[in-house]
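Remarks on the structure that follows.
Only the coordinates and a few stated rules stand behind these numbers; no lab work does. Every value quoted in this text rests on a predicted model; they were computed, and no experiment measured them. Cβ: placed from backbone, ideal geometry, glycine included. Neighbour counts: every protein chain shown.
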Amino acid sequence: MDRILSLQRADDCIIELKRIGVTSQGIESMYEKSHCLAVKLKNIKLGAANIIKQDMLSIGGDAAVSRGVVNGKVETSDVIILGNLKMIHSLIQKLSFQNIFEIPQIISRIQKLLEIEERKMPFILKVGDRTLTLNRTHIMGVLNVTPDSFYDGGKYNSLDAALFQIEKMVNEGADIIDIGGESTRPFSEKVNVKEELERVMPIISKAIQRFDVPLSIDTYKSEVAQAALDEGVRIVNDISGLQFDPHMAGMIAEYNDVAIIVMHIKSTPTDMQKDPTYDDVIEEILQYLSKSISIAEKANIPAGQIIIDPGIGFGKRLEDNLEIIHKLSEFKCLDKPVLIGCSNKSFIGRLLKTEKEDRLEGSLGAHAYAIMRGAHIIRVHEVGPHKKLAQIIDAIRDIHS
């Protein structure tokens, strides 16, 4: 029957072309025509913006520029290149004859984005003697050993209760267990290093011995992180993205088998929800995470050991959280695996008008959308249902892989 094809991925197009008997040469050419992109470039000089627009028009595409580019009233403009992959490769070829207005650097920027877009190899993390290959969705189970966490405060403060919960999450399929000793819910107060260590270290010590699963320490304090790493933890989950504690990055770099999760937060947990506003929430988060990545790499943390987290609920309005999930694929430009944690958060409660105990379905829905938009790791309280969710989505998404 006649129909409009759903070509969500490169492989979808290739399979359909093969079905109707297209030659291998034709497939290579037509695949590029089927793959449409909108490439946004920041702060392009006036002359280069004009050249890009004219070149794209000449090959059947287009490029959106500021109105000031047309009348020469701006010095720079963001540019959105609109076209299929074949057109963008043709644009690069046309631009290669130009050596003005920083065009060689612009070519490099476009090529880097295309390389990331066409990546086929999965991200691989080295965590101690384990290797995490992110060719499927990984589940990070949350264990808060705090009296005041927004969802499960006080439930796992005893050693026995904490270990029982870890065992439950491991049996349900958790790939990572994230242990935190300080609540970072909105308006929470800081906990000193001594108290945080007293909360997490007994549990970490026992869990390392008992469970064959990578452990993560949820902290922004280098002293806490170092104690956990010395005990055998091999992932640090820093809500500040290495931007609260100046010693954190250098300390982590002393270990060659530790992964770091850098998250975006607007201000601090104490005041992050006091009227947060953004002109462009995705751009601001990208800039923040780019700085975090730079801090990590300058400290000699291996580039392949860095995970990014846009920080759902950390200084975000309802509409910001929804936009982040909807546009999660745009974080691909940082070329890092993406972790996201929507589990039982207040934006779900606001949408469904439910209390924290009744947000599982909303959490599953948000995480399902996030996985389809490119999340590699989801951080959750209820491991079992999310494991099953991820298995189904991975199977559907990877049917032609």
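Remarks
- The overall shape of segment 1-142, judged from the alpha-carbon gyration tensor, is oblate: a/c is not under 1.5, and a/b is no greater than b/c.
- Relative compactness, segment 274-315, computed as alpha-carbon Rg over 2.2 N^0.38 Å: 1.35
- Percent of beta bridges antiparallel (DSSP, segment 124-397, rounded to nearest 5): 15
- Once the gyration tensor of the Cα atoms in the chain is diagonalised, the equivalent ellipsoid follows with semi-axes of 40, 25, 20 Å, ordered largest first.
- Sorting 75-86, 332-343 by their mean Cβ neighbour count within 10 Å, with the most densely packed peptide first, gives 332-343, 75-86.
- Rounded Å value of the spacing that divides the Cα centres of segment 216-275 and segment 106-150: 16
- Cross-link partners of residue 388 among lysines (Cα-Cα below 20 Å; sequence separation of 8 or more within a chain): 168
- Close amide H partners of residue 78, meaning residues 5 or more places away or on another chain with modelled amide H under 5 Å apart, are 43, 44, 66.
- Over all directions, the projected convex hull of the C-alpha atoms in segment 204-345 averages 8.9 nm² in area.
- Note on the chain: helix-only mean residue ellipticity at 222 nm, from DSSP H runs of 4+ residues weighted -39500 (n - 2.57) and normalised by residue number, equals -13500 deg cm²/dmol.
- Among 385-397, 223-235, 24-36, the order from most to least packed when residues are scored by Cβ within 10 Å on average: 223-235, 385-397, 24-36
- Debye intensity ratio I(q)/I(0), log10, segment 40-94, q values 0.23, 0.28, 0.30, 0.31 Å⁻¹ (C-alpha model): -0.79, -1.08, -1.18, -1.23
- Geometric descriptor of segment 272-375, per residue, is 105 Å³ (volume of the convex hull of the Cα atoms).
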